[in-house]
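To start, the structure under review is shown below, and the notes come after it.
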Amino acid sequence: MTKTEKVEFTNMCMIYDNDKVVVIDRQKKDWLGVTFPGGHVEIGESFTDAVIREVKEETGLNIKSPQLCGIKDWYENECRYVVLFYKTNKFSGNLQSSNEGKVWWEEIDNLTNLNLSLDMKDMIRVFNEDDLSEFFYYQKDGKWLHDLK
């Protein structure tokens, strides 16, 4: 059995200020709905630099000291997909929407009332609960399921 696999890395960042977080109403057809900003890690780019760049591109904010707080992962089409979850309350700049979607500050307690992206409600738990670190998708009997670990 081989010990290596093809991997695609992406990131997502919860930017918070007291009881509010930055959200984006993503317009990409493959993953619609309200989520946290983020995107792909470029070849040769550090994970931290990638999340800082993606947040800037999607929100106009300059974040500092993003802290890795969990992952989301799954295996599909002979590739492992890994989303690195970060959070930070250190930022500067002015919030501005991009072609990725509209961005705004939202009350943390109101997130579940929004049209969230697929499984975002459970992903928020990984961002917020210290005893969780992984959102893992898997297939069983032809259906996609997930576990929080």
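Counting only residues that are free of Cβ contacts under 8 Å to residues at least 60 places away in the same chain and either part of a strand (DSSP E or B) or of a type in the set (V, I, T) (or both), how many does region 90-109 have?
Result for region 90-109: 2.
Which of the following residues is free of Cβ contacts under 8 Å to residues at least 24 places away in the same chain and within 22 Å of E8 (Cα to Cα): K87, K149, K72?
One residue alone meets the criteria, K149.
Exactly one condition in (1) without any contact (Cβ under 8 Å) to a residue 40 or more places away in the chain; (2) under 11 Å from the mean Cα position of the chain (by Cα) is false for E42; which is it?
The single condition E42 does not satisfy is (2).
Can you tell which of L84, L116, L95 is within 15 Å of R26 (Cβ to Cβ) and at pLDDT 95 or above?
L116
So N99 clears everything in (1) closer than 26 Å to H146 by Cβ; (2) surrounded by fewer than 16 Cβ atoms within 10 Å (Cβ to Cβ) except one condition, right? Which one?
With (1) closer than 26 Å to H146 by Cβ; (2) surrounded by fewer than 16 Cβ atoms within 10 Å (Cβ to Cβ) applied to N99, the lone miss is (1).
Every residue, every condition in (1) closer than 19 Å to S97 by Cα; (2) assigned to a strand (DSSP E or B); (3) out of contact with any strand residue (DSSP E or B) (no Cβ under 7 Å at 6 or more places or on another chain); (4) at pLDDT 95 or above, yes or no:
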position	(1), (2), (3), (4)
W31	yes, no, yes, no
P37	yes, no, no, yes
G44	no, no, yes, yes
D49	no, no, yes, yes
S65	no, no, no, yes
L68	no, yes, no, yes
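Which one of K6, K64, K20, K56 is charged (D, E, K, R) and under 23 Å from Y137 (Cα atoms)?
Being charged (D, E, K, R) and under 23 Å from Y137 (Cα atoms) holds for just one of K6, K64, K20, K56, which is K6.
I need a count of the residues in region 1-29 that are among the basic types (K, R), surrounded by fewer than 17 Cβ atoms within 10 Å (Cβ to Cβ) and closer than 17 Å to K102 by Cα.
Residues meeting the conditions: 3.
Across region 111-146, what is the number of residues that are without any contact (Cβ under 8 Å) to a residue 24 or more places away in the chain, exposed (fewer than 12 other Cβ atoms within 10 Å of the Cβ), not in a strand (DSSP E or B) and not hydroxyl-bearing (S, T, Y)?
Final tally of qualifying residues: 5.
Of the conditions (1) more than 17 Å from Y86 (Cα to Cα); (2) free of Cβ contacts under 8 Å to residues at least 12 places away in the same chain, L32 fails just one. Which one is it?
Of everything listed in (1) more than 17 Å from Y86 (Cα to Cα); (2) free of Cβ contacts under 8 Å to residues at least 12 places away in the same chain, L32 misses just condition (2).
The values are calculated or read from the model by the stated rules, or taken from the named source; none is laboratory data. All figures in this text were calculated on a predicted structure; none of them were measured in a lab. Virtual Cβ from ideal backbone geometry, glycine too; neighbours counted across all protein chains shown.
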